[in-house]
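J.: There's a structure below that I have some questions on.
The values are calculated or read from the model by the stated rules, or taken from the named source; none is laboratory data. This is a predicted model, so every value here is computed, not measured. Every residue, glycine as well, gets a Cβ built from its backbone with ideal geometry; the counts of neighbours run over all protein chains shown. Calculation scope for accessible area: heavy atoms of the full protein, side chains included, ligands and nucleic acids excluded. Shrake-Rupley method; radii C 1.70, N 1.55, O 1.52, S 1.80 Å.
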Amino acid sequence: MLVLTRKPNKAIMIGDDIEITILSIEGDQIKLGIEAPKNVDIHRKEIYLSIQQENRKASKTETNFLEGINKYFKKKS
């Protein structure tokens, strides 16, 4: 893990097209501004993990559904 120290209104770059700026520091909270291309998804980690979990559930459901349809049509043949 890279650890950097930045003051308010200072920024860091990730690659050529993602800029993270420290907007303010208030107590134990830091406000960040993130500039990135529109095709880059940006989420808080807990939201990202929730999306991943939902995607895994959906893919399992789809597989079970397709297996059920397959069994149904095999019985009909």
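J.: Take the stretch 1-50 and flag every residue that is touching an Asp or Glu at 6+ places or on another chain (Cβ under 6 Å) and in a strand (DSSP E or B). Steps first, please.
T.: Filtering the stretch 1-50 for residues touching an Asp or Glu at 6+ places or on another chain (Cβ under 6 Å) gives 11, 13, 19, 35, 37.
Ala11, Met13, Glu19, Glu35, listed by residue number.
J.: Which residues, counting only those in the stretch 19-53, are open to solvent by less than 70 Å² (accessible area, probe 1.4 Å), in contact (Cβ under 8 Å) with a residue 12 or more places away in the chain and not polar (S, T, N, Q)?
T.: Glu19, Ile20, Ile22, Gly33, Ala36, Pro37, Val40
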